[in-house]
Amino acid sequence: GWRALRAGAGNMDLLVTMGTTAAYGLSVYLMLQHAGHEGMQTHLYFESAAVIITLVLLGKWLEERAKRQTVEALQALESLKATTAIIRRHGLEAEVPVQEVRVGDVLVVRPGARVPVDGVILDGQSHFDESLLTGESMPVAKGVKDQVTGGSINAEGLIIMQASAVG
């Protein structure tokens, strides 16, 4: 709150600091004002200030934790994508980085391999594990002219596909 005040920018920390300081200061004042008077009931707000600060700190901790978990989940998803692809050109196969795949390229996806980019199956049939994308645990059967999605896993058959979307 102090940093925000010095910077001349109001934020939530400044408001919380002002509110809890006011509650604490009023409580100290009332406690000292009525210190010698027996039997006088006065309302003190020490616990309110402490609860507000505790809840704000808890909220900030939960927010940071959620951000960290989100970053970790995105990094885990990033690590699941294919890094190379097998391109078939002029009857020859070559393994290239997935960044070099272009729309229209013919790709070979072997059993157990990850589909490098989105595309359409030209030849072959297989079951694909698309749980990365859909959350569905059961493999999906696909054949000629079916769409396949980059990141899914070819479970069993050799697939020849044409790239329809890259990047």
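Within the stretch 141-152, the residues that satisfy the criterion of being over 16 Å from Val103 (Cβ atoms) and open to solvent by 50 Å² or more (accessible area, probe 1.4 Å) are Ala141, Val144, Lys145, Asp146. For the stretch 153-167, residues that are open to solvent by 70 Å² or more (accessible area, probe 1.4 Å) and in contact with a strand residue (DSSP E or B) (Cβ under 9 Å, 6 or more places away or on another chain) total 3. Once the stretch 26-85 is narrowed to residues that are modelled with pLDDT under 85 and of a type in the set (D, E, K, R), the residue that is surrounded by the fewest Cβ atoms within 10 Å (Cβ to Cβ) is Glu38. Evaluation of Gly135 against the conditions (1) surrounded by 13 or more Cβ atoms within 10 Å (Cβ to Cβ); (2) more than 30 Å from Asp13 (Cα to Cα) shows that the sole unmet condition is (1).
Selection over the stretch 6-25 of residues that are open to solvent by 80 Å² or more (accessible area, probe 1.4 Å) and either among the polar types (S, T, N, Q) or modelled with pLDDT of 90 or more (or both) gives a count of 2. Of the residues examined, Leu122 is not one that is open to solvent by 50 Å² or more (accessible area, probe 1.4 Å), of a type in the set (A, V, I, L, M) and not in a strand (DSSP E or B).
Just one of the listed residues (Val103, Val96) is in a strand (DSSP E or B), surrounded by 10 or more Cβ atoms within 10 Å (Cβ to Cβ), modelled with pLDDT of 90 or more and out of contact with any Leu (no Cβ under 9 Å at 6 or more places or on another chain), namely Val96.
A single member of Ser137, Ser164, Ser152 is in contact with a helix residue (DSSP H, G or I) (Cβ under 6 Å, 6 or more places away or on another chain) and within 27 Å of Leu74 (Cβ to Cβ), and it is Ser137.
The values are calculated or read from the model by the stated rules, or taken from the named source; none is laboratory data. Computed from a prediction, not measured in an experiment: that's the story for all the values here. Cβ coordinates were reconstructed from backbone atoms using ideal geometry, including for glycine residues, and neighbour counts include every protein chain displayed. Note: areas computed on protein heavy atoms with side chains; ligands, DNA, RNA excluded. Shrake-Rupley method; radii C 1.70, N 1.55, O 1.52, S 1.80 Å.
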